[in-house]
Amino acid sequence: MTTHRDKIRGKLENGGYEDYKSISISAIERPMLSKVSYQVHCDHYKNKFSKLYNDVEEAMDKFFDLRKRIR
């Protein structure tokens, strides 16, 4: 059984993104460094945030944390 978290991880591994209201998480290819970074960005008026992560799990933790805050 796949969880919602597994589905998002699959999208990110394929170079995709996920949006929820004013929050997004996306995979960003960095060819000069030959690796992928993950950006978590939030435009919510109370929780403005934007950061790049090298680890997909850290990025997803922050995405779900922000998601809980703006529900």
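Can you tell me which residue is modelled with the lowest pLDDT among those in the range 8-34 that are polar (S, T, N, Q) and more than 23 Å from Asn47 (Cα to Cα)?
Here is the first cut: in the range 8-34, the residues polar (S, T, N, Q) are 14, 22, 24, 26, 34.
From what's left, more than 23 Å from Asn47 (Cα to Cα): 14, 34.
Numbers: Asn14: 91, Ser34: 81.
Per the criteria, the residue is Ser34.
Examine the range 53-65 for a residue that is touching a Leu at 6+ places or on another chain (Cβ under 6 Å), free of Cβ contacts under 8 Å to residues at least 24 places away in the same chain and open to solvent by less than 90 Å² (accessible area, probe 1.4 Å), and state whether such a residue exists.
No, every residue in the range 53-65 fails to be touching a Leu at 6+ places or on another chain (Cβ under 6 Å), free of Cβ contacts under 8 Å to residues at least 24 places away in the same chain and open to solvent by less than 90 Å² (accessible area, probe 1.4 Å).
Looking at Asp43, is it acidic (Asp, Glu), in contact with a Ser or Thr (Cβ under 8 Å, 6 or more places away or on another chain) and open to solvent by 40 Å² or more (accessible area, probe 1.4 Å)?
yes
Determine whether Tyr17 is among the aromatic types (Phe, Trp, Tyr) and either touching a Phe, Trp or Tyr at 6+ places or on another chain (Cβ under 6 Å) or touching a residue at least 12 places away in the same chain (Cβ under 8 Å) (or both).
no
For residues that are in a strand (DSSP E or B) and of a type in the set (A, V, I, L, M, F, W, C), scanning just the range 15-37, find the one that is surrounded by the fewest Cβ atoms within 10 Å (Cβ to Cβ).
Step one: of the range 15-37, the residues in a strand (DSSP E or B) are 17-20, 23-30, 35-37.
Filter once more, so that each one left must be of a type in the set (A, V, I, L, M, F, W, C): 23, 25, 27-28, 36.
On the way: Ile23: 22, Ile25: 26, Ala27: 17, Ile28: 12, Val36: 14.
Among them, the one singled out is Ile28.
The values are calculated or read from the model by the stated rules, or taken from the named source; none is laboratory data. Keep in mind that this is a model prediction, so the values were computed, not measured. Virtual Cβ from ideal backbone geometry, glycine too; neighbours counted across all protein chains shown. Only protein heavy atoms, including side chains, enter the accessible area calculation; ligands, DNA and RNA are left aside. Shrake-Rupley method; radii C 1.70, N 1.55, O 1.52, S 1.80 Å.
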